[in-house]
Amino acid sequence: HEFGLVLIAMLLLSERSWKHHFVLLIPSYVALVSAACSLRGARGAWIWALLAASAVWMSTTSGDLVRLFAGPDGAKLAQAYGAYLWAALCVAAAHGVALGGLDARPRTTVSAAARPLCFTTMTPTTR
């Protein structure tokens, strides 16, 4: 999920991102569908809801689909209002949920022996 967040950050922070660069969201969709299928309860439902919202934002840029609701320039208007941005933000939020951002359960603590060395408390040596 961290890799997907890096790809999204690349898209959102680059001034050279065009609409066809957003195919980089595909690995995120694959990882999130896998996570949503394996997670049960509220976290899985949140991921599905955010993926659906992202799909709706992406579909608003389709000229054939939006023409039925918003006229011939509806897709251009959706792109002007940042439909790709909002779709990417929905996917980023879904990654946050998959990583445990909205999990209300208390986290279990790891014993000091099981922690990696970089997370152990280093005590200063005395001379």
Margin query: Looking at region 16-27, can you tell me whether even one residue there is open to solvent by 40 Å² or more (accessible area, probe 1.4 Å), of a type in the set (Val, Ile, Thr) and within 20 Å of Glu2 (Cβ to Cβ)?
Written below: yes
Check: How about region 35-67: which of its residues are among the hydroxyl-bearing types (Ser, Thr, Tyr), open to solvent by 30 Å² or more (accessible area, probe 1.4 Å) and outside any loop (DSSP other than H, G, I, E, B)?
Finding: Ser38, Ser59
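The values are calculated or read from the model by the stated rules, or taken from the named source; none is laboratory data. What you see is a predicted model; the values in this text were computed from it and never measured. FYI the Cβ positions are ideal-geometry reconstructions off the backbone, even for glycines, and counts take in every protein chain you see. Each accessible area value is taken on the protein alone, full model and side chains, heavy atoms only, with ligands, DNA and RNA left out. Shrake-Rupley method; radii C 1.70, N 1.55, O 1.52, S 1.80 Å.
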